[in-house]
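J.: This is the structure I want to talk about, given as structure tokens.
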Amino acid sequence: MNAAPPHRLRPWLRGVLVGPVSLIVASLVMAGGAVWLPEGDAKVNNLVLPVVLFPLLWTATFLYTCLDKKLARAYAVMGALSAVNAALIAWHLMT
Amino acid sequence: MIKLPQSDTKALLAIHGWSGVLLGLLLYVVICTGVAAVFAEEINDWASPLPHANAHAFPAGIDAATRRLATQVDPQFHEEIAMFRSAGGRLNLRYHLHDTMPNGKPGERGVEFEVDPATWQPLATRKGWDDEIADQTKPSGVAAFLINLHVRLHIPEPWGLFVTGVLGLAMMIAAVTGILVHRHLLADLFTLRLGRDALLKRRDLHVVAGSWNLPFALILAFTGSFFSFASSVGLPAIAMVTFGGDQAALIDTLYSTARPENKAPAPLANIEAMLADVRHRNHAEPNYISVSHYGRADATVSINTVLPGDELVYSTFVYDGTTGALIREQPPLGKVPSMGASLVGIMYPLHFGNFAGLASKTVWVALGTAAAYVSLTGMLLWTRRREEQLAWRRMSRVVHYVGYGLPLALVCAPYAFFALRSSDVPAITVQDIAFLVVSAAAAVIAFAIQDLDRLRRVLLGCTGVMLLGLPVMRIATGGLGWADAWSAGIGAVPVVDIALLAFGFICLWTARARQARVPAAAEGPAAISTEAHSA
């Protein structure tokens, strides 16, 4: 059985991945960075570095989702990044 | 030479082209206005000079003036006093408090005095929220219009910043993919065939300008995206995670200079002594003063300077407001140096190009102009290649309209500023209206003139004429003449006038020449020599 999406759906799935999904994942990694990045002596690195790096994060997720030929793998990588960072944020907010 | 599989190169080339074409027109607007905004200070000094030059932002007398004006405002506005130089060497002193705006967001409310530091007489008094004070501020109107268009394209908050952030991202993607798809990066830096072949000449000019501009494009795109996203996306998201959504608490953590609260009355130490101390320590002229809790025992005075010659990251000198003793030299963020603070600090000089005064700003303007040229010629080449299709022919017309109509509309906006300077309508609003009216007129011209080269020449010619007329308009509406400006030592007035006249003549000269017509079929691949092109 072929698990790949129908041919006419693929451009749409790719478009959703490259557009909104890459933005949401970059935003989640940035927000998650406030939890997992070290504070540093000034106690601002975890607040500032994710914001500084956000344009690079988005560029990376955008280009990766454009170039990975295996759509399912790209969705899986984006899903994993989102899940890890969302879990870290949830854990931080609950503790 | 970067070796990539042919399929990846093709995909990258498609991303490069489409990221440029889809967002290129808006990006072109952001780049053009950004180039002009580099000289915001000089533009304001040109548009609204005082009759005399003021060498220092904070000359002797600032201490007495601060105390005198403090007696004229409601004591609740003593919570913070911000002092900074504005157009023509004016000095603005804003007495304000931090409050919640009617829309529920944090804001600042108070009274702003605009004074002439040569006489210490108030030139204007403005009251209200920050936005209302900005609307009443006339002297810096020309640069404010350009900066507003550059930063948020006049789109309401927070969407304007988000849109310009996405445009910065598009520029970064175009630059990164531009590097990756280059087949002969070094050769492309030096290949310029200026013979009789118009196609080769146009392509080579685009590729050479684009190749040399790549590092600068990356810097501008990255720093620009950071500035746009930091307040529209970044800070709200980080505040949500770390401070339960309280952005004021996050900002306080990053920027606060406050000391333990002590509401007991206490006189402020002499500001001029603190200014002298900063000049001695930093070897640079102060350009911003903030006094927190004026008249209280927990008062602090924070002073920033222009960047010293050997520094790229600014510092804030924080003083005890009651004794005048230096508490600490503080980095841009936090109270002690950190990697995050250094990275944020370096964003400012890299984006604004102000790290070496006029020289670096001139280089930034030249590189920015090249970036605008690359953006426009890239879109023209891309659409020309595909002009056998009706949709791309229409797109080519739109590119001509925006590419040559935008400078015309930008040049016409200050006419409205000068003509309506004494009216009650905000300076930005009158320029917005003039900008839109001229844009609409240019759209009619673009629709009426079928031949695209003629359209280019007409719009360029109009821009040239309006550039030549701008100094005349400035003087005719009561502006300072060259002789008076020169004798008063105000160099910005004649220098900007001469620059406008020079650019006006260049536009007219360029509009004279008819561009050689290149058949679409002969144009071939547009931008860069790549594996995909050669395949």
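J.: With +1 on the Cβ of every Lys and Arg and -1 on the Cβ of every Asp and Glu, and nothing else charged, how large is the dipole of the protein assembly as shown about its Cα centre, in debye rounded to the nearest 20?
T.: Magnitude of the dipole: close to 2740 debye.
J.: I'd like the accessible area for residue B:373, computed on protein heavy atoms only with a 1.4 Å probe and all protein chains in place. Round to 10 Å², please.
T.: So the heavy atoms of residue B:373 present about 90 Å² to solvent.
J.: What is region B:62-137's relative contact order, in percent, from Cα pairs under 8 angstrom and six or more apart in sequence?
T.: Numbers: 128 pairs, mean separation 16.2, N = 76.
Rounded, it is 21 percent for region B:62-137.
J.: While we're looking at this one, here's another question. Based on alpha-carbon positions alone, could you give the equivalent ellipsoid semi-axes of region B:202-255 from the gyration tensor, as √(5λ), descending, whole Å? Present the calculation step by step, with values, prior to reporting the outcome.
T.: Details: eigenvalues 304, 17, 8 Å².
Value: 39, 9, 6 Å, ordered largest first.
J.: Same structure, new question: What net charge is computed for the residues neighbouring residue B:324, neighbours being all others with C-beta under 11 Å from the C-beta of residue B:324, Lys and Arg scored +1, Asp and Glu -1?
T.: Values: positive: none; negative: B:63, B:272, B:277, B:320.
Net charge around residue B:324: -4.
J.: Hey, another quick one. Choose one of B:438, B:409, B:391: the residue whose Cα lies farthest towards the positive end of the charge dipole of region B:384-446 (beta-carbon charges +1 Lys, Arg; -1 Asp, Glu; about the Cα centre).
T.: B:391
J.: From the phi angles alone, apply the Karplus equation (6.51, -1.76, 1.60; θ = phi - 60°) to region B:462-476 and give each ³J(HN,Hα) in whole Hz, x where the residue is Gly or Pro.
T.: 4, 4, x, 5, 5, 5, 5, x, 5, x, 5, 4, 4, 6, 5
J.: If you build the Cα gyration tensor of region B:21-180 and take the root of 5 times each eigenvalue, what three semi-axes come out, in whole angstrom, biggest first? Present the calculation step by step, with values, prior to reporting the outcome.
T.: Numbers: eigenvalues 251, 87, 28 Å².
Working through the eigenvalues yields semi-axes of 35, 21, 12 Å.
J.: Right, another one. Which translational diffusion coefficient, to the nearest whole µm²/s, is obtained for region B:62-137 from the Stokes-Einstein equation, given a Kirkwood hydrodynamic radius over C-alpha pairs, 37 °C and 0.692 mPa s?
T.: Translational diffusion coefficient: 259 µm²/s.
J.: Which is the longest run of chain B containing none of the GluC sites (Glu not before Pro) found in DSSP loop states (not H, G, I, E, B) with at most 14 other C-beta atoms within 10 Å?
T.: Maximal segment without exposed cleavage sites: B:1-260.
J.: Just how many % of Cα pairs in the protein assembly as shown lie over 34 Å apart, if you round to the nearest whole percent?
T.: Value for the protein assembly as shown: 50 percent of Cα pairs lie more than 34 Å apart.
J.: Here's something else I'd like to know. Using only atoms on other chains, find how many Cβ atoms lie within 10 Å of each Cβ of peptide B:11-19 and report the average.
T.: For this peptide, the per-residue mean of nearby foreign Cβ atoms is 2.
J.: What is the average number of partner chain Cβ atoms found within 10 Å of a Cβ in B:250-260?
T.: If you average over the peptide's residues, the count of other-chain Cβ atoms is 1.
J.: Which Cα, out of B:231, B:215, A:34, lies furthest along the positive dipole direction of the protein assembly as shown (beta carbon charges, K/R +1, D/E -1)?
T.: B:215
J.: Roughly how much of residue B:77 is accessible, in Å² to the nearest 10, using a 1.4 Å probe?
T.: Using a 1.4 Å probe on the heavy atoms, I get roughly 20 Å².
J.: Next question, about the same structure. For region B:257-352, state what percent of all Cα-Cα pairs lands in each successive 10 Å bin, counting from 0 Å until the bin that includes the largest distance.
T.: The calculated distribution, bin by bin, is 17, 45, 29, 9, 0.
J.: If you don't mind, there's one more thing I want to ask. To the nearest 10 square angstrom, what accessible area does residue B:315 show with a 1.4 Å probe?
T.: Roll a 1.4 Å probe over it and residue B:315 shows about 30 Å².
J.: For chain A, with only Lys/Arg (+1) and Asp/Glu (-1) charged at the beta-carbon, what is the dipole magnitude about the Cα centre, in debye rounded to 20?
T.: Value, rounded to 20: 580 debye.
J.: If you rank B:298, B:252, B:310, B:130 by how much accessible surface each has, with a 1.4 Å probe, what is the order from largest down?
T.: Of B:298, B:252, B:310, B:130, the descending order of accessible area is B:310, B:252, B:130, B:298.
J.: Okay, next question. List every residue whose amide H lies under 5 Å from the amide H of residue B:387, counting only residues 5 or more places away in sequence or on a different chain, with H placed 1.01 Å from N in the peptide plane.
T.: Long-range HN contacts for residue B:387: none found.
J.: Which residues of region B:212-246 end up with at least 40 Å² less accessible area in the presence of all protein chains than when their chain stands alone, using a 1.4 Å probe?
T.: Residues shielded by partner chains are B:222, B:226, B:229, B:238, B:241, B:242.
J.: Sticking with this one: Using the Cα centre as the reference, give the magnitude of the dipole from point charges on the C-beta atoms of region B:303-424 (Lys, Arg: +1; Asp, Glu: -1; all else neutral), rounded to the nearest 20 debye.
T.: Details: 10 positive and 7 negative charges, 153 e Å.
The calculated dipole for region B:303-424 is roughly 740 debye.
J.: In addition: Relative contact order, percent, of chain B when contacts are C-alpha pairs under 8 Å separated by at least 6 residues? Mind showing how you got there, number by number?
T.: Working: 864 pairs, mean separation 97.9, N = 535.
Rounded, it is 18 percent for chain B.
J.: Still on this structure, please answer the following. Just to make sure I understand: if all protein chains stay in place, what is the order of B:98, B:154, B:400 by accessible area at 1.4 Å, largest first?
T.: Working: B:98 90, B:154 60, B:400 15 Å².
Largest accessible area first, the list is B:98, B:154, B:400.
J.: Provide Rg over Rh for region B:95-168; use the alpha carbon set for both Rg and the Kirkwood Rh (inverse mean inverse pair distance).
T.: Here the Rg-to-Rh quotient is 1.06.
J.: Just the number: Rg to Rh for region A:1-62, Cα atoms, Kirkwood Rh, two decimals.
T.: With Rh from the inverse mean 1/r over Cα pairs, Rg/Rh is 1.23.
J.: Shifting gears a bit: When only Cα pairs under 8 Å and 6 or more residues apart are kept, what is the percent relative contact order across chain A? It would help to have the intermediate numbers written out before the result.
T.: Working: 75 pairs, mean separation 35.7, N = 95.
Normalised by residue count, the contact order of chain A is 38 percent.
J.: Further question on the same structure: Would you please give the residues with an amide H less than 5 Å from that of residue B:288, counting only those at least 5 places away or on a separate chain, with H modeled from the backbone geometry?
T.: Excluding prolines and chain starts, which carry no amide H, the hits are B:304.
J.: Report the dimensions of chain B along its three principal axes from the alpha-carbon atoms, largest first, rounded to Å.
T.: Computed over the Cα atoms, the extents are 81, 55, 43 Å.
J.: Apply the Karplus parameterisation 6.51 cos²θ - 1.76 cosθ + 1.60, with θ equal to phi minus 60°, to every residue of region B:230-246 and state each ³J(HN,Hα) to the nearest whole Hz, in sequence, with x for glycine and proline.
T.: Residue by residue, region B:230-246 yields 4, 8, 8, 10, x, 4, x, 5, 5, 5, 4, 6, 9, 10, x, x, 7 Hz.
J.: May I pose another question? Place +1 on the Cβ of every Lys and Arg and -1 on the Cβ of every Asp and Glu in region B:62-137, take the dipole about the Cα centre, and give the residue among B:65, B:77, B:87 whose Cα lies farthest towards its positive end.
T.: Value computed over the given set: B:65.
J.: Karplus couplings for region B:435-440 from phi (6.51 cos²θ - 1.76 cosθ + 1.60, θ = phi - 60°), rounded to Hz, Gly and Pro as x?
T.: Working through the residues one at a time gives 4, 5, 5, 5, 4, 5 Hz.
J.: For the full complex of protein chains and a 1.4 angstrom probe, list B:498, B:238, B:15 by accessible area with the highest value first. Each step should come with its number before you reach the end.
T.: Details: B:498 90, B:238 0, B:15 25 Å².
Most to least solvent-accessible, the answer reads B:498, B:15, B:238.
J.: Under 11 Å from the Cβ of residue B:403, count the other residues' Cβ atoms, weight Lys and Arg +1, Asp and Glu -1, and hand me the total. Present the calculation step by step, with values, prior to reporting the outcome.
T.: Details: positive: B:397, B:456; negative: none.
Around residue B:403, the surrounding residues sum to +2.
J.: Let me ask something additional. Using a probe radius of 1.4 Å on protein heavy atoms only, what is the accessible area buried between chains A and B, both sides summed, to the nearest 100 Å²? Each step should come with its number before you reach the end.
T.: Working: alone 6550 and 25000 Å², together 28890 Å².
Using a 1.4 Å probe, the pair buries roughly 2700 Å².
J.: Roughly how far apart, in whole Å, are the Cα centres of region A:21-46 and region B:91-143?
T.: 35 Å
J.: Taking the alpha carbon gyration tensor of region B:229-269, what are the square roots of 5 times its eigenvalues, largest first, to the nearest whole Å? Show your work: numbers first, answer last.
T.: Details: eigenvalues 180, 25, 9 Å².
Whole-Å semi-axes of the equivalent ellipsoid: 30, 11, 7.
J.: Hey, another quick one. Give me the percent of the accessible area of region B:345-428 that comes from carbon and sulfur atoms, probe 1.4 Å, all protein chains in place. Spell out each step's value before the answer.
T.: Details: 2420 of 3510 Å².
The C+S portion of the solvent-accessible surface of region B:345-428 is 69 percent.
J.: In addition: Mind listing, in residue-number order, the residues in region A:59-89 that have at least 10 Å² less accessible area with every protein chain present than in their own chain alone (1.4 Å probe)?
T.: A:59, A:62, A:63, A:66, A:67, A:69, A:89
The values are calculated or read from the model by the stated rules, or taken from the named source; none is laboratory data. The structure displayed is predicted, hence computed values, not measured ones. Neighbour counts run over all protein chains shown; Cβ positions are idealised from the backbone, glycine included. We work out accessible area using only protein heavy atoms, side chains counted, and drop any ligands, DNA or RNA first. Shrake-Rupley method; radii C 1.70, N 1.55, O 1.52, S 1.80 Å.
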